[in-house]
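All remarks here apply to the structure that follows.
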Amino acid sequence: MPGKKEQDKELQELQEKLSAIKRRILVLSGKGGVGKSTVSTNIAVGLSLRDNMVGLLDVDLHGPNIPNMLGLKGTQPPVTPEGAYPVVYSPTLKVMSIGFFAKDNDAIIWRGPLKHRAIQQFLSDIIWGALDYLIVDSPPGTGDEVLSIRHLLGKVDGAIIVATPQDVALADVKRSIKFCEATQTPILGIIENMSGFVCPKCGEVINIFKSGGAEALAKELNIRFLGRIPIDPKLVEAGDEGKPCVEYYPESEPAKAFFKIIEQIEEILK
């Protein structure tokens, strides 16, 4: 492991590389399985469709799903002696994932301090250039990996916390909120994902997991509630096919909900 002086120098170099990024957003969840990567993907794509230059960074060491969700599985980022360039998804969206460097179905195993070192080296090697937004799909939970990412990014403009409606899931949201408070990370708001099921035949929304829990918690804690995303077969198909719903199914209920959230993000951070 490098000494403190070397670490400080590396951190300074990283901040210089990130200096051309105007806004940095962390997408957090207190637990896995709440659709955090789906939210990250659609927010990033949605922002890029509104003429923003966007970077989407996937640093989930154990479950990097972003390449699959964007149809980029198997893509190799351009690597030069100066560093690695993100994969170009569109003229306004660049993507980098640790999954691009893992062989298909290989388990990525890291222990303790090696996680921090791996994340730091990964971040330091990326050449983003100028961006309006960098959306960071963080690992689930509030452990060492998320703490490392928060520390290495330096300035963070805000965090989006993804929740599901069940009462048991809201306890995990509170942990994410405490994490943001402890790390002095502004909270942009809470999103309630999987909030109702859109019937593909009649369009009626059925609240399988209840609804409104995250909104009530946001009100209780005086945190902005950004909106709720319903379950829609189109959203599931879009993720499996690598076609983000905001781009390929813009008239679907999830896409409409995402665009309302995106408008709020732009307004908050303008």
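The values are calculated or read from the model by the stated rules, or taken from the named source; none is laboratory data. Treat the numbers as computed from the prediction; the structure is a model and nothing was measured. Ideal geometry is used to build each Cβ from the backbone, glycine not excepted, and the neighbour counts take in all protein chains shown.
Tell me which of these G83 doesn't satisfy, since it passes every other one: (1) at pLDDT below 90; (2) out of contact with any strand residue (DSSP E or B) (no Cβ under 7 Å at 6 or more places or on another chain); (3) surrounded by fewer than 20 Cβ atoms within 10 Å (Cβ to Cβ).
So G83 meets the others, but not (2).
Go through (1) modelled with pLDDT under 80; (2) at positive phi; (3) surrounded by fewer than 21 Cβ atoms within 10 Å (Cβ to Cβ) and name the single condition K201 misses.
If we test K201 against (1) modelled with pLDDT under 80; (2) at positive phi; (3) surrounded by fewer than 21 Cβ atoms within 10 Å (Cβ to Cβ), just (2) comes out false.
Name the residue that is surrounded by the fewest Cβ atoms within 10 Å (Cβ to Cβ), counting only residues in the range 250-270 that are among the acidic types (D, E) and part of a helix (DSSP H, G or I).
The first filter runs over the range 250-270 and keeps only residues among the acidic types (D, E), leaving 251, 253, 263, 266-267.
Checking the rest, the ones that are also part of a helix (DSSP H, G or I) come to 253, 263, 266-267.
Details: E253: 19, E263: 13, E266: 16, E267: 8.
Ranking the qualifying residues of the range 250-270, first place goes to E267.
Go over the candidates R117, R150, R111 one by one and state the one that is part of a helix (DSSP H, G or I) and modelled with pLDDT under 90. Spell out how you get there, then give the answer.
Working: R150 fails: modelled with pLDDT under 90; R111 fails: part of a helix (DSSP H, G or I).
One residue alone meets the criteria, R117.
Looking only at residues in the range 41-67 that are aliphatic (A, V, I, L, M) and part of a helix (DSSP H, G or I), which one is farthest from S138 (Cα to Cα)?
Looking at residues that are aliphatic (A, V, I, L, M) and part of a helix (DSSP H, G or I), I get L49.
Quick grid of which residues meet (1) in contact with a helix residue (DSSP H, G or I) (Cβ under 6 Å, 6 or more places away or on another chain); (2) surrounded by 14 or more Cβ atoms within 10 Å (Cβ to Cβ); (3) closer than 18 Å to G242 by Cβ:
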| position | (1), (2), (3) |
| --- | --- |
| E16 | no, no, no |
| S19 | no, no, no |
| L26 | no, yes, no |
| M53 | no, yes, no |
| D60 | no, yes, yes |
| N65 | yes, yes, yes |
| V87 | no, yes, yes |
| M96 | no, yes, yes |
| L134 | no, yes, no |
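Got a number for residues in the range 120-141 being among the charged types (D, E, K, R) and at pLDDT 90 or above?
In the first step, residues of the range 120-141 are kept if they are among the charged types (D, E, K, R); the result is 125, 132, 137.
Then drop every residue that is not at pLDDT 90 or above, which leaves 132, 137.
Result for the range 120-141: 2.
So which residues in the range 28-40 are outside any helix (DSSP H, G or I) and either surrounded by 21 or more Cβ atoms within 10 Å (Cβ to Cβ) or touching a strand residue (DSSP E or B) at 6+ places or on another chain (Cβ under 9 Å) (or both), if there are any at all?
Correct list: L28, S29, G30, V34, G35.
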